[in-house]
1. The stretch 160-236: D in µm²/s via Stokes-Einstein (Kirkwood Rh, Cα pairs, 4 °C, 1.567 mPa s)?
2. If you count, for each residue, the other Cβ atoms within 10 Å and average over each peptide, how do 18-24, 106-112, 194-200 line up from highest to lowest?
3. Would you mind checking the stretch 209-225 for residues with the amide N under 19 Å from a putative spin-label position 7 Å along Cα→C-beta of SER116?
4. What FRET efficiency comes out for CYS159 versus SER102 if R0 is 30 angstrom and r is the Cβ-Cβ distance? Round to the nearest 0.05.
5. For the chain, which whole-number percentage of the solvent-accessible area (1.4 Å probe, protein heavy atoms only) is attributable to carbon and sulfur atoms?
6. I'd like to check one number: the per residue accessible area of the chain, probe 1.4 Å, reported in Å² as a whole number.
7. Percent of Cα-Cα pairs per 5 Å bin, from 0 to the last occupied bin, for the chain, please list those.
8. I'd like the per residue volume of the convex hull spanned by the Cα atoms of the stretch 125-204, given in cubic angstrom.
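The values are calculated or read from the model by the stated rules, or taken from the named source; none is laboratory data. Being a predicted model, the structure only gives us computed values, none of them experimental. FYI the Cβ positions are ideal-geometry reconstructions off the backbone, even for glycines, and counts take in every protein chain you see. The area values use the complete protein model at the heavy-atom level, side chains included, leaving out ligands, DNA and RNA. Shrake-Rupley method; radii C 1.70, N 1.55, O 1.52, S 1.80 Å.
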Amino acid sequence: MTKVPTLPPIGKQRVKWLAVRFGSTTGRVADIANPGDRRRCEARIEFESSYGRLWEAETRRGCPTVADYEACIRQAAVGLDADEHFHWRELKRPARLRGNMSNLLNPFAVSWPMDSFCTEPGLDTPRALIVNVPDARRRYTAIVWGAENETAKGVTAECRAQYDEAMQAEAEGVEVMREAVARHYGSASGDVSDIPQANRATASRYWRRCMALYDMRCEFELALTRISTNERKAEEQVRAVAETREIEEQATHDTADALGFG
């Protein structure tokens, strides 16, 4: 019997390729000189790894037999080998890759195969299509409106109305997503209760996957925002130290002038 390959959530050559894109001269993440870019690379790797883990979980959940699961894994292994070979070739020309990271920093510009609508229910049964704004998105919105602790309680009174409006918009955005899913699976009104019974399990399967992907994107967005916030704080601290030193030097100079030592 052929052994079923174990797939990593992300390929080794892909990780090296990402490291070079974020500035590494060796293909090692640890060798990215800029600490902020190194953390961005780590966040991107985790983002893509999350997708790999989700794909494996969804595949396992959707296969009715072990044989079906093994067939899917073998097919995916062929695709992974091809992807790894592509990145191996790309790494032979590192100069054209290095530092070119801008299109890797928008989590909502990424299109995954699992974004496509499901066409069958797998092993799923009909479940409620619940609207929830991901925790990472809540934290991100709190940061945008000035909460250093990433919670609604940390939003100042001056920004509270804008924060509440932003969160309402987030909830409505998820409702729009759910309505689109309901319509795709046969609801003329867009209401989930009008999805034909025959399509409800498939709709449930896709909605779970859709929200998992959305949560992944929000987690990546939050990680990038934290990195940028920490960089800004570090820059402000350096600037404050420099300003303090300048004031102290000026005070010393003024004292020397007053004492006739200038």
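1. My calculation gives 87 µm²/s for D.
2. Numbers: 18-24: 24.6, 106-112: 12.9, 194-200: 15.3.
Answer by packing, highest mean first, reads 18-24, 194-200, 106-112.
3. 209-214
4. Details: r = 29 Å, r/R0 = 0.98.
It comes to 0.55.
5. Numbers: 8240 of 15550 Å².
That fraction is 53 percent.
6. Details: 15550 Å² over 262 residues.
For the chain, the solvent-accessible area averages 59 Å² per residue.
7. Histogramming the chain at 5 Å steps yields 1, 5, 9, 11, 12, 12, 12, 11, 9, 5, 3, 2, 2, 1, 1, 1, 1, 0, 0 percent.
8. Values: hull volume 7.3 nm³, N = 80.
Cα-based convex hull of the stretch 125-204, divided per residue, equals 91 Å³.
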